[in-house]
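For reference, the structure is listed below as structure tokens.
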Amino acid sequence: MEKAVFDTGDIAAMKGMLDNMHVADIAEEMENMDEQLTVKVFRMLPKDTAAEVFAYLSRDTRGEIVKGIADRELSGIMDELFIDDAVDFIEEMPANVVNRILAAVPPSRREMINNFLKYPEDSAGSIMTIEYVSLKVDMTVGEAFSHIREMAIDKETIYTCYVIDQNRHLTGVVSAKKLLLADTEQLISDIMSKKIISAHTTDDKEELVSDFMKYDLLAMPIVDSENRLVGIVTIDDVLDVQEEEATEDFEIMAAISPSDEPYLKTGVVNLTKNRVLWLLFMMLSATITGAIISGFEDALALVPALVASIPMLMDTGGNAGAQSSTMIIRGMAIDEIQLGDAFHVLWKELRVAVLCGAALFLVNFARILIMGQGFMMALTVSLTLYCTVIMAKALGCMLPLAAKKVRIDPAVMAAPLITTIVDAASLIVYFGFARLILNL
């Protein structure tokens, strides 16, 4: 889309441009417009297209549109949005905007939204939608097709239909393909599958990601405590959850407090808040290593060359620990590694550490000899390096597992915290070897 087309004010040209664009592309272009033009373009869209575009927009752009349109238009958007998208939008808005939105929607829609808002933020119920097709267990295939034609126009997906009994208990699932290939007189109960993969409304939404991946699902039914069907979660919502959780883990592993705001739209003050606490923590924790070095000032005075190897030892230990923790955190995130695998993980990482440490030992030993610092100095530094790698990899694999055991985000135990622990331990080992080998 050429922004110049909209600047001309040519209504026909604008509409022609919009008619030939995908809703996601329209949303992307609207993100780069000023507020006045954004509202103008949005008002030109057909009602159903406007709702689709609205679902793709960022929180800030949605807020601009809500401020610029009338209550009648807002009511139309909320009516066209799928219920899960409507709930997500309301959760992002400030209280005064939420009140206006809820006042603009019909009472039945408002009650439905309020029910969804009661689910915990991280639960499956908070991301489910009620736009699905349910079939009665005693229907024939012909009756099912009539029901789908009548109901499916407002549903988010019809590729899988969910079979319920008279009390709305989930009893089976049937795919659109199976319906198409079945005889119209067959009963749904005869062709449905009873092997149902479902989740409860209170289940953690992160758990759905692994289930969708494991079973190659496009949608999953959500049931209440009595196994009554109350909604479904679709693959687009699960991908959003996966992106949110991956972003949060990356931020924590980089010692940044998680934020829902895009980087370019986050203020400098907020970015500072997200980072400074972690930096303060690491700065204060570094006083531990400073205290250890201070405790060995006599050794450093006798052999000043010891100081030159401290940065190398600390950096290598931090890197070795980060390698292990990254692999373990990823493995846990995709359910490849469970708590019960702790011993197997530790045994594998120790063997890797022995081999990595041996390679580093030999190269570092030769390096120090070539630099003319002597055999005993080379032995002291290389042995410390060897032990540091083993400690770092052991901590790197076990701390994330320990964090999960006590219900802490494993990402918290990533590079910054592991580095702090390994730095202190490596210095103690270093000066211990120095005293033993160099007779300090």
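The values are calculated or read from the model by the stated rules, or taken from the named source; none is laboratory data. Given the structure is predicted, the values throughout are model-derived calculations rather than measurements. Neighbour counts are summed over all protein chains in view; Cβ atoms, including those assigned to glycine, are modelled from backbone coordinates with ideal geometry. Protein only, heavy atoms only, side chains kept; ligands, DNA and RNA dropped before computing areas. Shrake-Rupley method; radii C 1.70, N 1.55, O 1.52, S 1.80 Å.
Which order do Glu80, Glu245 take by accessible area at a 1.4 Å probe, largest first? Before the final figure, lay out each step's value.
Numbers: Glu80 75, Glu245 30 Å².
Most to least solvent-accessible, the answer reads Glu80, Glu245.
Counting other Cβ atoms within 10 Å, which trypsin sites (Lys or Arg not before Pro) in the range 20-119 have at most 16 and lie in a DSSP loop?
Numbers: sites: Lys40, Arg43, Lys47, Arg59, Arg62, Lys67, Arg72, Arg100, Arg109, Arg110, Lys118; in loops: Lys118.
Passing sites in the range 20-119 are Lys118.
Round to the nearest 10 and give me the degree value, 0 to 90, for the angle of helix 59-68's Cα axis relative to the longest principal axis of the chain.
Approximately 40 degrees, to the nearest ten.
Working with all protein chains in place, sort Met44, Met128 by solvent-accessible area computed with a 1.4 Å probe, largest first.
Details: Met44 35, Met128 5 Å².
The ranking, largest first, comes out as Met44, Met128.
Return the calculated 222 nm mean residue ellipticity for the chain, to the nearest 500 deg cm²/dmol, obtained by summing -39500 (n - 2.57) across DSSP H runs with n ≥ 4 and dividing by the residue count. Kindly include the intermediate steps, with their values, before the conclusion.
Details: 21 runs with 290 residues, N = 440.
-21000 deg cm²/dmol, from helical runs alone.
Can you list residues whose amide H is under 5 Å from Thr171's amide H, if they're 5+ apart or on another chain and H is modeled 1.01 Å from N?
Placed amide hydrogens put Val163, Ile164, Asp165 under 5 Å from Thr171.
Expressed as an acute angle from 0 to 90° and rounded to the nearest 10, what is the orientation of the C-alpha long axis of helix 342-370 relative to the principal long axis of the chain?
With rounding to tens, the tilt is 50 degrees.
In the chain, what percent of the accessible surface is made up of carbon and sulfur (1.4 Å probe, ligands and nucleic acids excluded)? Don't jump to the answer; show the numbers that get you there.
Working: 13520 of 23100 Å².
C and S fraction of accessible area: 59 percent.
I'd like the accessible area for Phe296, computed on protein heavy atoms only with a 1.4 Å probe and all protein chains in place. Round to 10 Å², please.
Result for Phe296: roughly 40 Å² accessible.
Modelled label-to-label distance, Glu111 and Ile408, 7 Å Cα→beta-carbon offset: nm?
Placing both labels 7 Å beyond Cα along the Cβ direction yields 4.7 nm.
If you count the DSSP beta bridges with both ends in the chain, what percent of them are antiparallel, to the nearest 5? Write out the running numbers ahead of the final one.
Values: 15 of 20 bridges.
If I count the DSSP bridges inside the chain, around 75 percent turn out antiparallel.
Compute the helix-to-body angle for 95-104: its Cα long axis versus the longest principal axis of the chain, expressed 0 to 90° and rounded to tens.
So the helix axis and the longest Cα principal axis differ by about 20 degrees.
About the Cα centre of the range 170-256, what is the dipole size in debye to 20, counting +1 per Lys and Arg Cβ and -1 per Asp and Glu Cβ, all else neutral?
Working: 7 positive and 20 negative charges, 147 e Å.
With Lys and Arg at +1 and Asp and Glu at -1, about 700 debye.
So, taking all protein chains as they sit and a 1.4 Å probe, how much accessible area belongs to Leu135, in Å² rounded to tens?
So the heavy atoms of Leu135 present about 0 Å² to solvent.
Lysines near Lys177 by alpha-carbon distance under 24 Å, same-chain residues fewer than 8 away left out - which ones?
Here the lysines satisfying the reach criterion relative to Lys177 are Lys136, Lys155, Lys194, Lys195, Lys214.
For the chain, with every protein chain kept in place, what is the accessible area per residue (1.4 Å probe, Å²)?
Numbers: 23100 Å² over 440 residues.
Ligands and nucleic acids excluded, the figure is 53 Å² per residue.
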